[in-house]
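Right, one structure below, let's go through it.
Read-outs: derived from the displayed coordinates by stated rules, not from any lab. If you're wondering where the values come from, they're calculated on a predicted model, not measured in any experiment. Neighbour counts are summed over all protein chains in view; Cβ atoms, including those assigned to glycine, are modelled from backbone coordinates with ideal geometry.
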């Protein structure tokens, strides 16, 4: 912790020392304007900074002298861009003026900073005249590259005077001359594909409309749009489908045996109580052992017994707790069979080994002797019942249906004026459709949450040809539009 704090403080100190030297360093390198700006900023944050004060006092007069002398020389020169450069120097002088006014400490050092706001309109007018003439010279040359240069000079004119002469008209002329017009042609989908192809066509049309001017001097049109606008293409992009195939359905089936130990499968009377198992039925850790020997009143649990004979239905049996695990391993499940009714019409069938005592009169209730624990058994004590643990098992079958589809599309870019191909590329794409589901037999408690959720799923219906082709078209669209944007980035 101390090391981290030390490093943090060291970084702050290094940054502070570097900031203090920044104005001085710029001064030493002859960057007087930068030195003034950095020194004033430092004084605004640290008014008592001696180095910043010294740098400002020395740098400001030299910055003013350098820029004013430079402007005088530009006025006498034949530089075609001299007024633009003079205007840039005036902007720097005005920037220093504004920065100093915002710093009380800097005003003490430079009490009367100079500005050239009064001359700005005159210089802007001269700079606009200058840029307009240069732009017209480039425009009259008639080439696409010269038109791009003219366009940028007309943009400068508008930055000086927005409504200068006919600059808007000249700007549009330069833009049209500088623009490369690209026609995008989509060949029809071959009849043997047996798909419409409208999705891809619509996506490309949308791209043309939304990205028409995404590149400064490149515009994309469909053939119909070019005819309507009366434009001749400079380049033609042809998109042609080469192949489309849907693979056979591939089915994969995998079987897995699942089990989970120490699962509560039943609840029985505590063997310590009267009528329960004998003492030998309790293991050392208090859990009923499956191989325990029951006494005369051994308890039973209901299971749904699966017959080994294929045409025989499952039936409900009552088995001793000691035999429960063997039945579960055989494939039987806990609880009565689903839908089976008892002879009296109740939901749960009765144990046939137990006599039906419903018609016998009940014994009159006897007073309980508090000194006899057997008379108080079953009074809701927490140890009246215990859980029976066993290993549950299930067989899970996972199904996976897969359809692999492929397609190939080619793109050719032709220079229509030169009559030659300047780019050609193919785009192979692949789509894998997959449906996964599962079923199980046995005790669902042997499955994990994820496995059980998979068993809830149903087999999905495979997509049709048009849907598959649209999925492949989405990949075509992404690859082709990126490729086109990259190719025309420097045009």
Under the 7 Å Cα-to-Cβ spin-label approximation, residue 133 and residue 457 lie apart by a distance in nanometres of 7.6
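Give me the Kirkwood hydrodynamic radius of the range 23-115 in Å, from all C-alpha pairs, to one decimal place? Display every interim value, and only then the final one.
Details: mean 1/r = 0.0743 Å⁻¹.
This gives a value of 13.5 Å.
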Note: the range 130-234, point scatterers on Cα, Debye, no solvent; log10 I/I(0) at q = 0.12, 0.13, 0.21, 0.23 Å⁻¹ equals -0.53, -0.59, -1.04, -1.13
Binned at 10 Å from zero, the C-alpha pair distances of the range 126-178 give percents of 33, 57, 10
Taking 472-483, 70-81 and ranking on average Cβ neighbours within 10 Å, highest first, one gets 472-483, 70-81
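Could you state the orientation-averaged shadow area of the convex hull built on the Cα atoms of the range 410-480, in nm² to one decimal? Walk me through the intermediate numbers first.
Values: hull surface 29.5 nm².
Quarter of the Cα hull surface area: 7.4 nm².
Provide the packing ranking of 408-415, 108-115, 38-45, 166-173, i.e. peptides ordered by the mean count of other C-beta atoms within 10 Å per residue, highest first. The partial results should precede the final answer.
Details: 408-415: 18.0, 108-115: 14.0, 38-45: 21.9, 166-173: 15.6.
Most protected by this proxy first, the peptides run 38-45, 408-415, 166-173, 108-115.
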Rounded to whole angstrom, the alpha-carbon centroid of the range 430-448 lies from that of the range 84-113 at a distance of 75
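For residue 475 and residue 415, what is the calculated FRET efficiency with R₀ set at 25 Å and r taken between the beta-carbons, to the nearest 0.05? It would help to have the intermediate numbers written out before the result.
On the way: r = 28 Å, r/R0 = 1.11.
Calculated value: 0.35.
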For residue 192, placing the label point 7 angstrom along Cα-to-beta-carbon and taking the range 234-262, residues whose amide nitrogen sits under 19 Å are 240-248
